[in-house]
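Participant: The structure follows.
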Amino acid sequence: RRGSDLFERITHLPEYYPTRTELHILESQGAEIARSLDGTRTVLELGAGSARKSRVLLRHLMGRADALTFVPSDVSGRALDLACESLASELPDLPVEPLLGTHEAALSRAGEWQGPRLVLFLGSSLGNYDPPEAIALLSAIRAALQPQDHLLLGLDLRKPESVLVPAYDDAAGVTAAFNRNVLVRLNRELGGDADPLAFEHVALWNARRSRMEMHLESRADQTLTFHRLERAFTLKAGERIHTENSYKYGREDMDRLFAASELRLLEAWNDPREWFSLVLLRA
């Protein structure tokens with residue numbers, strides 16, 4: 001719950017461009033995207049969160065379909081509750097059937113809903129997977145697609161380091177709190193004694209691997225004990241725990257991903273600065 005709340009705050013930060021940029025694409029080009037998806041009967045969104053962005057596209061799709069069902073999936077029950085509340089208020093005529101669980105669990109049930117289906121994977125979430133993992137996930141999505149189905153995928157594009165680093169190290173410290181929250185979860189679930197404030201939030205641009213990295217850097221020599229693991233870990237001052245990656249893509253990166261996942265690119269919609277891309281794919 002804490003992680004969901006913090007991430008929702010992150011998406012509103014002035015430094016965090018992905019949500020704002022993707023929303024602009026959906027608002028300015030949503031009608032065109034919807035035209036490319038005529039006949040869609042079910043929208044399955046992976047990692048729906050608050051569904052703030054998908055609501056924009058759903059409005060356009062509802063105007064072009066006789067019947068449309070929205071299936072938001074997420075591992076956070078709180079996020080799904082908030083999404084359903086907002087959708088009931090803003091789109092009261094839209095049937096909503098939430099799924100609590102992982103992406104893989106949601107995809108395994110995709111065939112339960114009427115086609116043609118659209119799988120939505122918005123945001124820059126694919127970038128959190130290392131390339132082999134990203135290919136595995138895209139391949140799982142492709143396996144769930146019937147010939148008439150589509151995948152609409154959000155991809156964060158490469159851009160200057162001066163834009164990237166503040167997006168992952170905001171002045172208000174919200175991203176730092178989000179990063180440290182992994183220690184709160186470890187303490188709770190594994191009986192740990194880690195002090196989140198004994199770690200510095202570090203965000204780095206790794207140009208060679210084309211990814212933003214988040215780390216937790218130990219402020220002093222310390223030992224972390226996790227009783228349920230019956231293990232202890234000793235860290236020296238300055239030693240880092242690597243907590244997250246966020247890959248940024250160029251066209252060649254995308255082509256390799258799609259080819260390896262047996263997905264065919266149909267169309268792409270970018271913002272004017274070429275910071276973000278929404279790509280439409282088919283098996």
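Participant: What are the residues in region 196-223 that are buried (at least 17 other Cβ atoms within 10 Å of the Cβ) and more than 30 Å from the chain's Cα centre (by Cα), if any?
Facilitator: Correct list: GLN222 only.
Participant: Could we say that ARG240 is out of contact with any strand residue (DSSP E or B) (no Cβ under 8 Å at 6 or more places or on another chain), over 30 Å from PRO147 (Cα atoms) and among the charged types (D, E, K, R) here?
Facilitator: No; evaluated as a whole, the condition is false for this residue.
Participant: Please verify whether region 184-193 includes one or more residues that are open to solvent by 40 Å² or more (accessible area, probe 1.4 Å), closer than 26 Å to LEU216 by Cα, modelled with pLDDT of 95 or more and touching a Pro at 6+ places or on another chain (Cβ under 9 Å).
Facilitator: Checking region 184-193: at least one residue is open to solvent by 40 Å² or more (accessible area, probe 1.4 Å), closer than 26 Å to LEU216 by Cα, modelled with pLDDT of 95 or more and touching a Pro at 6+ places or on another chain (Cβ under 9 Å).
Participant: Now for a different question. Looking only at region 56-81, count how many residues are more than 29 Å from SER139 (Cβ to Cβ) and either within 17 Å of the chain's Cα centre (by Cα) or part of a loop (DSSP other than H, G, I, E, B) (or both).
Facilitator: 5
Participant: Further question on the same structure: Hey, can you tell me all the residues within region 195-243 that are under 18 Å from GLY127 (Cβ atoms), basic (Lys, Arg) and not in a strand (DSSP E or B)?
Facilitator: Hits for region 195-243 are ARG208, ARG209.
Participant: Could you check how many residues of region 14-47 are among the hydrophobic types (A, V, I, L, M, F, W, C) and without any contact (Cβ under 8 Å) to a residue 60 or more places away in the chain?
Facilitator: Adding up the residues that qualify gives 3.
Participant: Then there's this: Of all the residues that make up region 87-108, how many are farther than 29 Å from SER139 by Cα, loosely packed, with under 14 Cβ neighbours inside 10 Å and in contact (Cβ under 8 Å) with a residue 24 or more places away in the chain?
Facilitator: Here the count works out to 2.
Participant: Here are some conditions: (1) over 19 Å from LEU151 (Cα atoms); (2) open to solvent by 20 Å² or more (accessible area, probe 1.4 Å). GLN114 meets all but one. Which one does it not meet?
Facilitator: The failed condition is (1).
Participant: Shifting gears a bit: Within region 2-44, can you find the residues that are in contact with a helix residue (DSSP H, G or I) (Cβ under 7 Å, 6 or more places away or on another chain), under 26 Å from HIS60 (Cα atoms) and surrounded by fewer than 17 Cβ atoms within 10 Å (Cβ to Cβ)?
Facilitator: Listed by number, the residues that qualify are GLU27, ALA31.
Participant: I would also like to ask the following. Does ALA65 satisfy the criteria of being open to solvent by 10 Å² or more (accessible area, probe 1.4 Å) and out of contact with any strand residue (DSSP E or B) (no Cβ under 9 Å at 6 or more places or on another chain)?
Facilitator: When the stated conditions are applied, ALA65 passes them.
Participant: Restricting attention to region 234-250, report how many residues are more than 16 Å from ARG208 (Cα to Cα) and surrounded by fewer than 16 Cβ atoms within 10 Å (Cβ to Cβ).
Facilitator: Final tally of qualifying residues: 6.
Participant: Turning to a different aspect of this structure: Working only within region 16-55, note down all residues that are in a helix (DSSP H, G or I) and of a type in the set (Asp, Glu).
Facilitator: GLU22, GLU27, GLU32
A quick yes/no check of all residues on (1) in contact with a Pro (Cβ under 8 Å, 6 or more places away or on another chain); (2) assigned to a helix (DSSP H, G or I); (3) closer than 24 Å to ARG59 by Cβ:
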residue: GLY115; (1), (2), (3): no, no, yes
residue: VAL119; (1), (2), (3): no, no, yes
residue: LEU138; (1), (2), (3): no, yes, no
residue: PRO147; (1), (2), (3): no, no, no
residue: LEU153; (1), (2), (3): no, no, yes
residue: ASN181; (1), (2), (3): yes, yes, no
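Participant: Here is a follow-up. Could you list, in sequence order, the residues of region 244-271 that are outside any strand (DSSP E or B), small (Gly, Ala, Ser) and in contact (Cβ under 8 Å) with a residue 40 or more places away in the chain?
Facilitator: Result: GLY250, ALA260, SER261.
Participant: Give the number of residues within region 183-211 that are touching a Gly at 6+ places or on another chain (Cβ under 8 Å) and either of a type in the set (Gly, Ala, Ser) or in contact (Cβ under 8 Å) with a residue 60 or more places away in the chain (or both).
Facilitator: The total comes to 3.
Participant: Let me ask you something else. Considering each residue of region 103-152, count those that are under 16 Å from ALA51 (Cα atoms) and hydroxyl-bearing (Ser, Thr, Tyr), and give that number.
Facilitator: Result for region 103-152: 2.
The values are calculated or read from the model by the stated rules, or taken from the named source; none is laboratory data. Not measured: the values here are computed from a predicted model. No Cβ is skipped: glycine too gets one built from the backbone with ideal geometry, and neighbour counts run over all protein chains shown. With ligands, DNA and RNA removed, areas are computed over all heavy atoms of the protein, side chains included. Shrake-Rupley method; radii C 1.70, N 1.55, O 1.52, S 1.80 Å.
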